[in-house]
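Here is the structure we will look at, set down as structure tokens.
The values are calculated or read from the model by the stated rules, or taken from the named source; none is laboratory data. On a predicted model such as this, the values are computed, not experimentally measured, just so you know. For neighbour counting, all protein chains shown are included, and Cβ atoms are generated from backbone atoms with ideal geometry for every residue, glycine included.
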Amino acid sequence: MSLIPTLVARSEGFTPPGPGDFNLPPVGPDRTFTFLGQQMYLGVTKPMLLLVLSAALIFLFFRAASAKRAMVPGKTQFIGEMGYTFVRNQLGRDIIGSKEFMRFVPFLFVLFFFVLVNNLFATIPLLQFPTFSRAGLVYGLVLISWLVYNIVGIKAQGGVLAYLKHQTVPPGVHGPMLALLIPLEFFSNILVRPLTLALRLFANMLAGHILLILFALGGEYLLVHGEGLVKPVGIVAWLMFIVIAFLEVLVQVLQAYVFTLLSALYISGAIAEEH
Amino acid sequence: MYVIPLAEKLNPLVPHPIEIVLSIVVFGILYFLAKKYVVPNFEKTFAERTSAIEGGLRAAETKQAEADAKLAELEQQLSEARHEAAKIREEAREQGAQIVAEMREQAQEEASRIVEHGKTQIEAERQQAVTSLRAEVGTLATSLAGRIVGESLDDDQRAARVVERFLADLELHNEATDAGSSTSGAS
């Protein structure tokens with residue numbers, strides 16, 4: 001029962017990394033079930049544990065940072081305030097506007113750090129797994145984000161129809177053009193947004209980690225099974241692994257930022273008074 | 001442990017249903033915890049800090065205004081004191097001049113008084129000298145007249161001799177007196 005992935009029951013010869021590498025077996029006793037035509041583990045898996053761990057870490061850290069409420073902050077409080085202020089001002093106030101943003105700050109704050117910490121787990125040794133390379137976890141978050149911006153939009157515009165009009169009818173367009181634009185706008189603003197939001201985060205995390213696995217496994221394979229001059233290429237692959245790993249850190253931070261930024265933008269667009 | 005073989009065709013887009021639920025639940029819990037225990041604390045800290053800074057600024061402004069008022073007051077006092085000093089100096093100068101003038105007047109008076117006194121004294125002494133001289137001249141004239149009368153007064157030559165003898169006697173007498181005084185002065 002280890003948190004370190006134990007899965008690799010690879011056969012002889014090189015099996016390239018793929019989505020299967022992200023389907024870790026559960027930590028405890030396990031069974032499988034079938035969902036949408038796919039066999040799935042039933043049990044507590046590593047990404048699930050990581051998700052809970054990230055929530056615990058975030059809460060404990062920010063609780064500790066905010067509890068003292070010193071006028072002159074210590075180190076922990078300073079870092080906590082810096083993180084909170086960043087989300088509050090850059091993602092909340094600047095995008096939603098100083099009148100309405102305060103009620104969305106807790107949501108954006110939790111969203112940003114939840115995604116950020118889970119993304120960074122992909123780089124932290126021993127944990128080393130991007131939680132949000134699991135589509136299900138991302139869908140959950142995106143569902144929340146989608147519900148939030150639609151519900152506050154409906155409330156702000158005063159009814160479902162008014163909200164749909166706000167989201168789908170571009171101002172200054174009349175006549176038959178509307179017949180073309182309304183479905184397009186509906187498609188874009190209501191249906192595609194959650195999909196792109198989910199895919200952007202999930203695919204970035206998955207692809208980045210696949211790349212790392214590829215360099216790690218490929219380098220090993222070349223070193224162990226390669227012949228002659230091919231062997232040293234394995235070393236090069238491992239050096240590349242290090243470079244890519246740093247690039248991945250950037251991507252992880254960026255994706256957390258983009259995910260929260262877009263959520264804030266959607267909220268801002270939904271509650272805007274004029275289009 | 002049953003491991004789904006890697007070769008199994010997996011569609012990574014197909015979600016694990018438990019993961020969706022878990023994600024929503026964990027996010028929800030974290031959201032409520034943060035909303036209740038973290039965000040209000042931060043906001044309260046920021047508000048307190050802002051008000052502390054504003055309070056400090058206001059206090060500093062009040063202090064500054066007080067200091068300005070004090071400074072103006074002190075400057076006014078200083079200029080008043082300077083004015084006072086100048087006035088006193090002016091008065092002193094005037095008084096000094098007055099005193100000098102008075103003194104001069106007094107001295108003048110004194111001097112004229114002394115001169116007057118001297119003049120009076122001299123006059124008195126002159127008067128006395130004239131009186132005593134007059135008496136002596138009378139005596140001498142009487143004695144001269146006696147001698148002239150004694151020798152017979154009809155002969156002019158004789159009269160001239162008598163006068164000359166009288167004068168010589170007088171000179172002798174004077175010399176004797178002088179010699180007596182000089183001998184007494186020598187001895």
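Brief remarks follow.
- Scope segment A:13-40; condition without any contact (Cβ under 8 Å) to a residue 24 or more places away in the chain and more than 7 Å from every other protein chain (Cβ to nearest Cβ); matching residues: A:13, A:26, A:29, A:31, A:33, A:34, A:37
- Some residue of segment B:50-64 being closer than 30 Å to residue A:59 by Cβ, surrounded by 10 or more Cβ atoms within 10 Å (Cβ to Cβ) and not hydroxyl-bearing (Ser, Thr, Tyr): yes
- Residues satisfying the stated conditions in segment A:86-104, i.e. within 13 Å of chain B (Cβ to nearest Cβ) and either buried (at least 16 other Cβ atoms within 10 Å of the Cβ) or outside any helix (DSSP H, G or I) (or both): A:87, A:88, A:92, A:93, A:101, A:104
- Count of segment B:158-167 residues which are within 15 Å of residue B:143 (Cα to Cα) and loosely packed, with under 11 Cβ neighbours inside 10 Å: 1
Conditions tested, residue by residue: (1) without any contact (Cβ under 8 Å) to a residue 24 or more places away in the chain; (2) part of a helix (DSSP H, G or I); (3) aromatic (Phe, Trp, Tyr).
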position	(1), (2), (3)
A:183	yes, yes, no
A:187	yes, yes, yes
A:213	no, yes, no
A:237	yes, yes, no
A:241	no, yes, yes
A:249	no, yes, no
A:263	no, yes, no
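- Within the set B:19, B:43, the sole residue that is more than 54 Å from the chain's Cα centre (by Cα), within 29 Å of residue A:73 (Cα to Cα), modelled with pLDDT under 90 and surrounded by 14 or more Cβ atoms within 10 Å (Cβ to Cβ) turns out to be B:43.
- Taken together, the residues in segment A:105-162 that are more than 10 Å from chain B (Cβ to nearest Cβ) and of a type in the set (D, E, K, R) amount to 1.
- Every pair of residues 6+ apart whose Cβ atoms lie under 9 Å, when the first sits in segment B:16-41 and is more than 15 Å from residue A:48 (Cβ to Cβ) and at the interface with chain A (Cβ under 7 Å from one of its Cβ atoms) while the second is among the charged types (D, E, K, R) and surrounded by 20 or more Cβ atoms within 10 Å (Cβ to Cβ): B:39/A:88
- Those residues of segment A:194-231 which are of a type in the set (D, E, K, R) and within 18 Å of residue B:15 (Cα to Cα), in sequence order: A:200
- Within the set B:49, B:58, the sole residue that is in a helix (DSSP H, G or I) and either more than 7 Å from chain A (Cβ to nearest Cβ) or under 24 Å from residue A:41 (Cβ atoms) (or both) turns out to be B:58.
- Meets criteria (closer than 30 Å to residue A:168 by Cβ, surrounded by fewer than 17 Cβ atoms within 10 Å (Cβ to Cβ), under 24 Å from the mean Cα position of the chain (by Cα) and not aromatic (Phe, Trp, Tyr)) for residue A:249: no
- When the criteria are applied in full, residue A:51 meets the requirement of being in contact (Cβ under 8 Å) with a residue 24 or more places away in the chain and at the interface with chain B (Cβ under 7 Å from one of its Cβ atoms).
- Answer residue from segment A:65-82, given it is assigned to a helix (DSSP H, G or I) and more than 10 Å from chain B (Cβ to nearest Cβ) and is nearest to residue A:98 (Cα to Cα) among those: A:82
- Failed item in (1) surrounded by fewer than 15 Cβ atoms within 10 Å (Cβ to Cβ); (2) more than 17 Å from residue A:157 (Cα to Cα), with residue A:273 passing the rest: (2)
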